[in-house]
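Reviewing the structure listed below.
The values are calculated or read from the model by the stated rules, or taken from the named source; none is laboratory data. Source: prediction; values computed, not measured. Counting neighbours? That spans all protein chains shown, and the Cβs are built from the backbone with ideal geometry, glycine included. The accessibility values were calculated without ligands, DNA or RNA, using every heavy atom of the protein model including side chains. Shrake-Rupley method; radii C 1.70, N 1.55, O 1.52, S 1.80 Å.
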Amino acid sequence: AHDIEDLAMGRVRWEACLGDPSQAVRLSDQALGLAAQQKRRRRTLKLQLFKAIALRRQGATHDGLALMARLLQSLSSEGFVRLVADEGVPAGQMVQLLKGQPQFLKGMQGNPLLEDYVERLLRGFGPLPAPAEPSPDDAVEALTPKETRMLQLLADGLSNVELARRLCVSDSTVRTHLRNINMKLN
């Protein structure tokens, strides 16, 4: 889990799914180079997933689906379901879109392993809302610098009391910030 769950990965996830998709593409490209260099396969796969989601949100749906098709081909041979399904609706909608556009799966059609894998993925997501093309008007409220700092400290394992002490605020203020962070990140 430490290979794919850290603050840097959380930042890429947030930017790809809710924040600035162009920033997510930049961050994932940087992280992909490092992950490949360190031979961190699961991290590389997760970063590719976030990049595909970000490309779609950025309006480059074709590039995002092409990357997702290559990623699913690779994942299907290993049978990784949780790696994709744990990312929820954004990843589920990418799989749903890909299944509905077979031109991206050329050369992969008739592959029973891939077809079975895509079906298992879709079952893993459960019911999904219909994928909609992202619009530039769908702005997500960004975290304030103080909320970002609080999230970093929270990721380091600090309790609410320790957060209050470290940030020189009251327990009530910590709870308010955490509530705002949760609302902004859904």
request  = Report, to the nearest 10°, how far helix 171-184 tilts away from the longest principal axis of the Cα atoms in the chain, using its own Cα long axis and a range of 0 to 90°.
outcome  = 20 degrees
request  = Return the single residue from Val25, Val12, Val174 with maximal mean-square fluctuation; model: Gaussian network over the chain, springs between Cα atoms under 10 Å.
outcome  = Val174
Sparsely packed trypsin sites (Lys or Arg not before Pro) within segment 56-126, loop by DSSP, other Cβ within 10 Å at most 16 = Lys106
key: Degrees separating the helix 7-17 axis from the principal Cα axis of the chain, which is the longest one   = 60 degrees
request  = Kindly write out, for segment 42-58 in residue order, the coupling ³J(HN,Hα) from the Karplus curve 6.51 cos²θ - 1.76 cosθ + 1.60 (θ = phi - 60°), rounded to whole Hz, with x marking Gly and Pro.
outcome  = 4, 5, 4, 5, 5, 5, 5, 4, 5, 5, 4, 4, 5, 4, 5, 5, 6
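Report the extension gain between Leu178 and Ala36 in nm, rounded to one decimal, defined as 0.36 nm multiplied by the number of residues separating them, less their alpha carbon distance.
So the extension gain works out to 47.7 nm.
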remark   = So for R0 = 41 Å, FRET eff. of Asp116-Val169 from the Cβ-Cβ r, to 0.05, ends up at 0.20
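What 222 nm value per residue comes from the helices of the chain, counting each DSSP H run with n ≥ 4 as -39,500 (n - 2.57) and dividing by all residues, nearest 500 deg cm²/dmol?
Numbers: 10 runs with 126 residues, N = 186.
Calculated at 222 nm, the ellipticity per residue is -21500 deg cm²/dmol.
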Label-to-label distance, nm, for residues given as Leu153 and Asn186 (7 Å Cα→Cβ offset) = 2.9 nm
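If you roll a 1.4 angstrom probe over the protein chains with everything in place, what fraction of the accessible area of segment 1-124 belongs to carbon and sulfur, to the nearest %?
Numbers: 3160 of 5900 Å².
With neighbouring chains kept in place, the figure for segment 1-124 is 54 percent.
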Whether segment 1-104 is rounded, prolate or oblate, judged on the alpha carbon gyration tensor where a/c under 1.5 counts as rounded = oblate
For Gly88, residues with placed amide H under 5 Å, excluding near neighbours = none
request  = Report the trypsin sites (Lys or Arg not before Pro) located in segment 1-45 that are in a DSSP loop and have at most 13 other Cβ atoms inside 10 Å of their Cβ, or state none.
outcome  = Lys39
request  = Measure nothing but the geometry: give the 0 to 90° angle between the long axis through the Cα atoms of 89-100 and the longest principal axis through the Cα atoms of the chain, rounded to 10°.
outcome  = 10 degrees
Inter-label distance, nm, simple model (7 Å from Cα along the C-beta direction), Thr144/Gln73 = 4.8 nm
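Please work out how many pairs of lysine residues in the chain are eight or more positions apart (or on different chains) and have Cα atoms closer than 26 angstrom. Could you put the intermediate results ahead of the total?
Values: Lys39/Lys51; Lys46/Lys99; Lys46/Lys106; Lys46/Lys184; Lys51/Lys99; Lys51/Lys106; Lys51/Lys184; Lys146/Lys184.
Eligible lysine pairs with Cα atoms under 26 Å apart amount to 8.
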